[in-house]
Structures are given as structure tokens and as C-alpha cells.
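The values are calculated or read from the model by the stated rules, or taken from the named source; none is laboratory data. On a predicted model such as this, the values are computed, not experimentally measured, just so you know. Because the Cβ atoms are built from the backbone with ideal geometry, glycine has one as well, and the counts that use them run over all protein chains shown. Keep in mind that these areas ignore ligands, DNA and RNA; they rest on the heavy atoms of the full protein, side chains included. Shrake-Rupley method; radii C 1.70, N 1.55, O 1.52, S 1.80 Å.
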Amino acid sequence: MRKRFPALGPVLVVVAVILAIWYVAVIPMNAKWEYDQAARAGQELPFGEMVARTMVQDRPVLPAPHQVVIGVYEQTVGCDAVGRRMCRETTPLTLQGFGERIAASFTSNRSLIYHAGITLSATLLGFLIGTGGGILLAIGIVYNRAADASVMPWAIASQTIPIIALAPMIIVVLNSIGISGLIPKAIIAAYLSFFPVVVGMVKGLRAPDAMQLDLMKTYSAPGRDIFAKLRLPMSMPYLFASLKIGIAAALVGTIVGELPVQQGGLGVRLLSGSYYGQTIQIWAALLVAAILAAGLVGIVGLIERRVLKRMGMAA
């Protein structure tokens, strides 16, 4: 196990430390409510009982980790997500019944799986748009001095605009011309993902040194061969590093783009949870978003290892 997953031990230690700190932080964050309730009832509240109560509050300021995990279950395949009728039909819960719940969760608008699917589709579309645009812009910057001098500063300046202010503007403008749903969120995701790709690809395409370029010119290699056989292969490590940042940024952009609308997605779940003070719902949606981001970055990393290994650039 250690040979196949050398980083597993340190990761588990870090996770254990985070969970321990989280549990400790729950006590002071939720203690005030318990003491206030005891004071109103004219009762003394022992410390041990107070600690126990802070871990099971219905609407805690900071939910405990086990509450978040239970919340994720209830909001994916639990009764809150698939409905009481499905729960009655699959009780006692068997493997087949659990599969039926999972299948139902993909179409239930109360399930985090359903909302994660909406967020994922906009994220992937925006990431593809941002990646394609970023690669093309990077090639233009590397091969055109005017683009390097004029476009690159504007690309950098565009990232100084807060996305939380830009997202409603994009959605309102596109809605006014009849474009709604997936496209506005994908554009916001593309806006956040294209800049890391541009920077990484420009750095990668400029990675070959003067000696390597001179050698290609000595062979009388045309410009397309210099690009395809030298610049592009050299840029792959830089590109994949930027893609990992870009796909995580695309997910953040999609969630922000979902906040002003009520058409589904993890952003909508976050917003509805904040409206009604459902902190467990908020944290459950955040945990699902984190799992989704980790999965997307992991897929990009897997593709990176395969591609670089095939190109002879990794073991």
C-alpha cells in the first residue's frame, strides 16, 4: 500500500489534524446558543453536556464533521433527496434499493447529485471554451509581437475585475438577448479558466532556449515543424499545470454564476441554505463541490501522466 500510494500516510495525518481542529472549533462556536437556551430555562448546563449538545444542533453556527457527512448522505440518496415515498419503498434498504435511490437522485431537484450534475456540465463546457481560447491566444502572443504587447496586458487586467461583480452583469446582459441556462454560467467559467491557460501556455511555448531553436533552424525546419516538434512538446508540462488550476477556477466560476439564478446547481443550494439558515446544507454543498473539484483535478492529473509518459517526458 505504501509503495502504491506513498503520499497516503501524510494525507491521512493532515486530514486527522484538520478534523481534530474542526471538532474543537465546534464547541466555542455553538456554545453560546446552548448557554442561552439553558439560561432561558433557568437551568445549569454542565460543560460535558454542553459539549455533547454543540455536536448535534439542528442549525449550528459551525456543524460538526459527522453532521456534514450525514447531511451529504441525506441530500444525495437520503429521504430528504429522493422523497419519503422512495424511502418507504426501499425500506429495509437493500443493495437493489440503494441503487434505485441513486438512480432517483439524478432526477430529483432536491438531491445534491442532481445539482452537482448541473454544475459539472457548465464547468466542463466553460473549461473547454476557456482552454481552447487560452491556447489560441497564447500561440498568438508567442508568434506575434503586437499581440504580446497589446493583448497580454489586457488579459492580465481582466483578472482584476471581481467575478462576484461581473457574474450578475453577464447573466443579465445575456438574459436580455434571450440566452439563459447553461451558456451564461459556462462563459463565467471560461472567463476564470482561460487566464491560467494563457499564462502557462505562453511560458511553455517559450520554454525552448536559443540553442534548441538554432538547431531547428540549422535543420531548415519550417515554422510549423518548430511548433509541432519543439515548442508544443516542451509546453506540455506547463499546460497541464495550468489546466489543473483552470478547471478548479472554472468550477468556482460556475458556482458564482449560479448564485444570481434559481435554475439549479451547487450555487443555488448554497444560496438557499443561507436564506433559511441551513448551515448543514451549506457545508454539505461545499463538501460536494470540494469532492467534485478534487475529482476533476485528479482526472487532469491522470491524463497528464499518460500523455507525458507517452511522450517520454515522465517515468
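Overview of results
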quantity	calculated
Paired Rg and Dmax values of segment 67-212, which use every Cα atom, in angstrom	22.3, 72
Spatially close lysines, pair count over segment 173-315: Cα under 26 Å, gap of eight or more or interchain	9
Thr160/Asp58 FRET efficiency (R0 35 Å; Cβ-Cβ; nearest 0.05)	0.25
Accessible area of Leu215 in the full protein assembly, 1.4 Å probe (Å², nearest 10)	80
Globularity index of the chain, i.e. its alpha-carbon radius of gyration over 2.2 N^0.38 Å	1.27
Rough spin-label spacing in nm, given labels placed 7 Å along Cα→Cβ, for Leu182 and Ile102	2.4
Per-residue [θ]222 nm for the chain (sum of -39500 (n - 2.57) over DSSP H runs n ≥ 4, rounded to 500)	-25000 deg cm²/dmol
Accessible surface ranking that places the most exposed of Trp154, Trp283, Trp33, Trp22 first, with a 1.4 angstrom probe	Trp154, Trp33, Trp283, Trp22
Residue-span extension gain [Ala210 to Val15] - 0.36 nm each, minus C-alpha spacing	65.6 nm
Modelled FRET efficiency - R0 51 Å, Val172 with Leu287, Cβ distances, 0.05 increments	0.95
Most to least accessible of Arg305, Arg231, Arg110, Arg85 (protein chains only, probe 1.4 Å)	Arg85, Arg305, Arg110, Arg231
Sequence of Tyr23, Tyr191, Tyr143 when ordered by accessible area, the most exposed leading, probe 1.4 angstrom	Tyr143, Tyr23, Tyr191
Span-rule helices in the chain, defined as complete DSSP H runs reaching 30 Å or more along the axis (Cα) with Kyte mean at least 1.0	8-41, 112-143, 182-205, 232-258, 279-310
Förster radius 41 Å - calculated FRET efficiency between Glu44 and Ser272 (Cβ-Cβ, nearest 0.05)	0.60
Two-site label geometry, Met311 and Val51: point separation in nm, points 7 Å out along Cα→Cβ	5.4
Spin-label pair Asn144/Ala228, simplified geometry with 7 Å Cα→Cβ offset, distance in nm	2.2
